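A.B. asks: If you scroll down you'll find the structure; I have some questions about it.
Coordinate-derived values only; no laboratory data. Here the structure is a predicted model, which is why all the values come from computation and not from measurement. Backbone-built Cβ (ideal geometry, glycine too); neighbour counts: all protein chains shown.
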Amino acid sequence: QLPDAAVIVLFGATGDLAGRMVLPAIVEVHERGLMPRAWRIIGCAADELDDEGFRRHVDEAVARRGGGLPDDWAHIRGNVRYCAGTFGVDNPGRLPEVLGEVREELRRETGGEPVVIHFLAVPPVAFAPITRGLGAHHLADGARVIFEKPYGTSLESFEKLDALVKEVLAEEQVFRIDHFLGKEGVQTIYVLRFANQLFGSEWNRSSIEQVQIDVPEDLDVANRATFYEATGAALDMLVTHLFQVASQVAMEPPMDLRDPNSVLQAREAVLKSFHPLDPKEDVVLGQFDGYRDIPGVPDDSTQDTFVAARLWVDTERWRGVPFLLRTGKRMATKQQRITLVLRPPFGPLAHELKVPNTVEIDFAGEGEVALGMTVKTPGPDLTYSSGRARLNLDDVVGGEGLSPYASLINDALVGDRSLFTTAEGLRAAFTAFAPLQGPDRPAPLPYPPGSWGPEEARRLAAPHRWMLGE
Ligand code: BG6
């Protein structure tokens, strides 16, 4: 339920993520009428700004998203405050005082206690000092805390961070972002499956031969070479976004879709049934030609800019069905698609059909659901063709999609954690991913920029092919 009042304390307020994603998303939530009746933002960052300086920063960030400033902007920008300084146990700066003032204002305006949301839009090294600081200065009591990704970079670093966070916060207070879960196309999976018998009854290994989750990107990494060289495609995308999307496809039906805990439990349970990756058999890594020439990347870098993996899900529903996950930088195109590759039909046409039927969910942008099916080729002969029927989610009457960050901020405001990741779920994801961080990690194979990655990755999709691409 939407509270009457809320304050969002935004750490990393002048950083790239806050400027590109978080601030525009908060304004989007406001424009959609989804903010509480009374609200404030308190920006926190090292830059020496005053309230007005930070408001100008917000003006620019909001203007950059396109679509202009909201009509009531002149009025609502007064909701924005700023505390300069690197917040921590020994240096709380003015945050406790300003947060106290703001809470008091909101109490006066609404007569109730405001919800406090701390949004940690900061690099992971800052998670621990800020969390400790929140605890030490009693700013975490009753608050919700949003952590950006990556929440850990290995099972060990995840455990360390989790132990620290648990000292200060109860799990119910923690909202770990994986923004792919906020995408409309990913959210629609539940409904498609549970509201349509046609899909629901076939959502299993009897009807589905493969699941492909494919996120090629044509982006370069030049503007974030240092981060990328320390991270790589598999850590940046596979153990995070692609595993979470896979869990969304593979989960058992939650007892109650409207009960966040039952959704979270269903997602956790399926993440726990992800078989640990077999790096030799089931993973192909790649590095695009020219990556090592990027300033900041060593000449002998063995970092992966591409990963394709075959993931096995050890549940009755999915045993024997490969989940093929692929992503990479500098690939041929940018797309984000789940494809359920259907088994061939029984009956008179069983051996004649060359192209498998598919259910496809595009989760870039507004999202789209499509069916790849076989029909009779119009004309005198009995021959067959494949056709595609598409439903763009933007064309669904009565709806208007939210951007992923806006969707997740709205959920945090109403206290719904169902589209956030849990500690148990991340522990399971890092456990399944761990073999790829060990001595068996394969060497990345070269691939030309603008291609679909190393040829070797084709092997994983046999007897089919990757449905996107060649
Ligand atoms: C981020 C990754 O989490 O997600 C990036 O760090 C990636 O490497 C991005 O490009 C993709 O997000 P989106 O919103 O474009 O789907």
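A.B. asks: Counting only residues 5 or more places away or on other chains, whose amide H sits under 5 Å from the amide H of ARG343 once H atoms are built in the peptide plane?
C.D. replies: Those qualifying (amide H under 5 Å, at least 5 residues apart or on another chain) are ILE208, GLU209.
A.B. asks: Roughly how many nanometres apart are two label points built 7 Å out from the Cα toward the Cβ at ASP440 and GLU97?
C.D. replies: Here the modelled spin labels are 5.8 nm apart.
A.B. asks: Which of the residue pairs LYS272/LYS334; LYS149/LYS329; LYS272/LYS329 have a Cα-Cα distance greater than 21 Å in the structure shown?
C.D. replies: Checking Cα-Cα distances, LYS272/LYS334; LYS272/LYS329 exceed 21 Å.
A.B. asks: Might you report the magnitude of the Cβ-based charge dipole of the chain about its Cα centre, with Lys and Arg at +1 and Asp and Glu at -1, to the nearest 20 debye?
C.D. replies: 860
A.B. asks: Sticking with this one: Choose one of LEU10, SER451, ILE130: the residue whose Cα lies farthest towards the positive end of the charge dipole of the chain (beta-carbon charges +1 Lys, Arg; -1 Asp, Glu; about the Cα centre).
C.D. replies: SER451
A.B. asks: Here is a follow-up. Can you pull out the GluC sites (Glu not before Pro) in the range 42-144 whose DSSP state is coil and whose Cβ has at most 13 other Cβ atoms within 10 Å?
C.D. replies: Those that pass, being in a loop and sparsely packed, are GLU48.
A.B. asks: Right, something else. How do the peptides 205-212, 79-86 rank, highest first, by the average count of neighbouring beta carbon atoms within 10 Å per residue?
C.D. replies: Ranked from most to least packed, the peptides come out as 79-86, 205-212.
A.B. asks: From largest to smallest, what semi-axes in whole angstrom does the chain give when each is the square root of 5 times an eigenvalue of its alpha carbon gyration tensor?
C.D. replies: 40, 26, 21
A.B. asks: Lysines within cross-link reach of LYS376: Cα-Cα under 29 Å, excluding same-chain residues under 8 positions apart?
C.D. replies: LYS354
A.B. asks: Could you size up the charge dipole of the range 122-168 around its Cα centre, putting +1 on the beta carbon of Lys and Arg and -1 on that of Asp and Glu, and report it in debye to the nearest 20?
C.D. replies: So the dipole magnitude of the range 122-168 works out to roughly 100 debye.
A.B. asks: Sort the following peptides by mean Cβ neighbour count (other Cβ atoms within 10 Å, averaged over residues), highest first: 279-286, 233-240.
C.D. replies: Highest-to-lowest ranking by the protection proxy: 233-240, 279-286.
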